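Written below as structure tokens is the structure these notes are about.
The values are calculated or read from the model by the stated rules, or taken from the named source; none is laboratory data. None of the values given here were measured: they were computed from a predicted structure. Glycine also receives a Cβ, built like all others from the backbone with ideal geometry; neighbour counts cover every protein chain displayed. Ligands, DNA and RNA are excluded from the accessible area calculation, which covers all protein heavy atoms including side chains. Shrake-Rupley method; radii C 1.70, N 1.55, O 1.52, S 1.80 Å.
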Amino acid sequence: MKSSPFQLAAFGGAPAFRKPLHVGQPILINPETMLADIDSVMRSGQLTNNGPRLQEFEAAIARVCRTKHAIATCNATIALQIAARALRLSGEVIVPAFTFIATAHALEWIGLDPVFADVDPHTHTLDLKSAEECITPRTSAILPVHLWGHVCRTQQLDELCRSRRLRLLYDSSHAFGCQQDGVPVGNFGDAEVFSFHATKFVHAFEGGAIVTNDDGVADRCRRLRAFGISGLTEISDVGTNGKMHELSAVAGLHSIATMSSRVAANRANRMVYACHCQSMNGLSLLSTPEGNESNGQYLVLTVDEQQFGLNRDQIVSLLRAEGVFARSYFSPGCHQAEPYRSADSGRHVRVPLDVTETLSKTVLQLPTGPALAPADAHKIGLLLRLLHQHAAEVRRLWSGSENCLQYHPSDPARPAITVREVVHRDTKLREAG
Ligand code: T4K
């Protein structure tokens with residue numbers, strides 16, 4: 001194990017991990033059983049269009065969520081658009097500024113105006129007061145995000161939307177399998193949307209789903225997912241093609257079947273990281289809100305530069321050199337991305353977004369999941385402790401680090417750019433939105 005900053009890969013040492021560790025490393029599906037299922041799909045001749053595997057997958061989603069309906073789609077971005085249309089949203093929709101850009105882009109793409117509200121500094125989910133301040137006569141809905149699997153303040157959001165006659169649609173992309181006070185995510189608001197992208201807790205390679213307990217909304221979603229066709233030939237709506245095919249449904253079924261072992265793996269890793277964080281000032285593991293049962297898919301930390309001695313971006317770069325591909329989701333905040341940043345003043349931003357600004361500079365995610373052994377989490381924890389204990393020396397080496405080796409994006413064994421160049425590039429990328 002490394003004991004001196006001179007051994008850090010950023011300054012010429014060997015990377016701690018030869019094989020890169022990723023945030024969101026896709027879970028492995030047993031290739032043998034998967035191949036048997038692929039074989040049976042191919043032989044069946046039914047490859048897509050509401051096939052038997054899709055129906056099975058939808059039933060499995062509804063079972064986990066304990067909802068009446070689940071409508072599987074090709075991804076969550078399209079699912080958000082279908083749900084927004086099914087709920088007949090118009091004008092402005094309030095979204096948190098601290099989320100993945102797809103939350104906002106999905107709306108913008110179909111001619112709705114996302115309006116950005118700030119988030120709570122402790123849970124990173126929508127701040128109610130900020131959301132309320134964004135409401136205008138043009139607002140048709142609030143679209144909160146259960147970020148990192150943290151369930152939003154659903155009861156208060158329900159009350160707010162009911163009193164202001166707004167629709168409530170959740171982006172639950174991170175929260176499949178999560179619960180709040182025993183109620184599974186999927187039962188909140190008018191409808192909720194999941195992502196089954198390869199990096200998610202349950203994945204279907206690419207995929208998504210809308211879940212709802214409202215028969216009318218479910219019916220419209222099903223129609224809109226398949227071009228707006230009802231029955232065999234009648235075209236009753238402007239629909240899209242948001243269908244999920246059979247092979248994705250097969251992957252989704254395999255992935256759902258192994259959920260509980262992943263929760264256990266995430267918990268075990270979290271405990272290891274938590275022990276390390278306790279002994280470091282300035283690095284805090286984000287806690288799960290009370291009453292919230294999380295899938296643990298995202299391991300989220302916040303960095304206090306003054307206390308830790310290094311800032312978030314320095315830590316991310318130094319870890320990447322070691323083969324630990326930490327992420328800085330979500331930087332920049334959505335309001336700093338185009339087209340929102342350059343839009344007319346007040347169109348998308350009309351309240352202070354201070355918490356989002358801070359979080360987008362201080363939050364980072366570390367690898368977890370079954371692909372990461374607790375021993376590797378421990379090794380990452382030790383690396384972080386080394387950075388913390390020798391922060392002054394690391395900063396000194398950093399400032400003279402023009403020539404030090406850096407990672408190659410796909411292979412840390414192939415140094416490609418210097419640590420300075422990485423930081424410069426990351427900063428430029430952020431500035432460019
Ligand atoms: N709303 C929210 C709140 C979301 O977070 C997302 C998506 C959406 C809506 C939209 O959902 P979808 O329309 O995608 O269903 C990723 C994902 O592409 C995106 O789905 C996800 N959120 C977002 C948070 O992260 P990237 O570009 O940062 O991750 P990516 O694809 O580079 O993957 C991360 C790492 O995982 C890679 O560096 C390597 C590893 N990886 C990834 C893939 C895809 C693998 O090892 N194998 C793989 O197949 O966006």
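When you look at Leu87, is it more than 12 Å from the ligand (Cβ to nearest atom), open to solvent by less than 10 Å² (accessible area, probe 1.4 Å) and either under 23 Å from the mean Cα position of the chain (by Cα) or of a type outside the set (Ser, Thr, Tyr) (or both), yes or no? Spelling it out, Leu87 is indeed more than 12 Å from the ligand (Cβ to nearest atom), open to solvent by less than 10 Å² (accessible area, probe 1.4 Å) and either under 23 Å from the mean Cα position of the chain (by Cα) or of a type outside the set (Ser, Thr, Tyr) (or both).
Determine, yes or no, whether Thr67 is of a type in the set (Ser, Thr, Tyr), away from the ligand (no atom under 16 Å from the Cβ) and closer than 29 Å to Leu112 by Cα. It is true that Thr67 is of a type in the set (Ser, Thr, Tyr), away from the ligand (no atom under 16 Å from the Cβ) and closer than 29 Å to Leu112 by Cα. Contact map, the range 74-88: first residue under 23 Å from His203 (Cβ atoms), second residue in a loop (DSSP other than H, G, I, E, B) and near the ligand (Cβ under 8 Å from one of its atoms), Cβ cut-off under 6 Å, separation 6 or more or different chains; pairs are Asn75/Glu206; Ala76/Ser173.
The residue of the range 198-237 that is most open to solvent (accessible area, probe 1.4 Å), among those that are among the hydrophobic types (A, V, I, L, M, F, W, C) and in contact with a Leu (Cβ under 8 Å, 6 or more places away or on another chain), is Phe205.
Checked against (1) out of contact with any strand residue (DSSP E or B) (no Cβ under 6 Å at 6 or more places or on another chain); (2) more than 22 Å from Glu338 (Cα to Cα); (3) away from the ligand (no atom under 12 Å from the Cβ), Cys74 meets all criteria but (3). The set of residues in the range 304-332 being more than 15 Å from the ligand (Cβ to nearest atom) and open to solvent by 10 Å² or more (accessible area, probe 1.4 Å) consists of Asp304, Glu305, Gln306, Gln307, Gly309, Asn311, Asp313, Gln314.
Output the residues belonging to the range 59-74 that are open to solvent by 40 Å² or more (accessible area, probe 1.4 Å) and within 22 Å of the chain's Cα centre (by Cα). Within the range 59-74, Val64 is the sole residue that qualifies.
Considering only residues in the range 17-53 that are open to solvent by less than 20 Å² (accessible area, probe 1.4 Å) and away from the ligand (no atom under 16 Å from the Cβ), the one that is farthest from the chain's Cα centre (by Cα) turns out to be Val41. When the range 3-21 is filtered for residues that are assigned to a helix (DSSP H, G or I) and either on the phi > 0 side of the Ramachandran plot or out of contact with any Cys (no Cβ under 7 Å at 6 or more places or on another chain) (or both), the ones remaining, listed by number, are Pro5, Phe6, Gln7, Ala9.
Scanning the range 142-173 for residues that are in a strand (DSSP E or B) and crowded, with 24+ Cβ neighbours inside 10 Å gives Ile142, Val145, Leu169, Tyr170, Asp171.
Consider Ser248 against the criteria (1) part of a strand (DSSP E or B); (2) within 13 Å of the ligand (Cβ to nearest atom): it satisfies all of them except one. Which criterion is unmet? Every condition holds for Ser248 apart from (1). Scanning for something assigned to a strand (DSSP E or B) and free of Cβ contacts under 8 Å to residues at least 40 places away in the same chain, does the range 307-317 turn up at least one residue? Checked the range 307-317: no residue is assigned to a strand (DSSP E or B) and free of Cβ contacts under 8 Å to residues at least 40 places away in the same chain.
The sole residue among Val394, Val363 that is under 20 Å from Cys277 (Cβ atoms) and under 22 Å from the mean Cα position of the chain (by Cα) is Val363. Quick one: is Val250 crowded, with 20+ Cβ neighbours inside 10 Å and at pLDDT 95 or above? Criteria met by Val250.
Any residue at all in the range 147-162 that is in contact with a Cys (Cβ under 9 Å, 6 or more places away or on another chain), more than 29 Å from Ile29 (Cα to Cα) and modelled with pLDDT of 95 or more?
So the first thing to find is which residues in the range 147-162 are in contact with a Cys (Cβ under 9 Å, 6 or more places away or on another chain), and the list is 149-151.
The next check asks that each one be more than 29 Å from Ile29 (Cα to Cα); those that pass are none.
Scanning the range 147-162, I find no residue that is in contact with a Cys (Cβ under 9 Å, 6 or more places away or on another chain), more than 29 Å from Ile29 (Cα to Cα) and modelled with pLDDT of 95 or more, so the answer is no.
Considering only the range 285-301, state which residues are within 23 Å of Ala16 (Cβ to Cβ) and assigned to a strand (DSSP E or B). Selection gives Leu285, Leu299, Val300, Leu301. Taken over the range 330-386, the criterion of being part of a loop (DSSP other than H, G, I, E, B), under 19 Å from Gly24 (Cα atoms) and without any contact (Cβ under 8 Å) to a residue 60 or more places away in the chain is satisfied by Ala373 alone.
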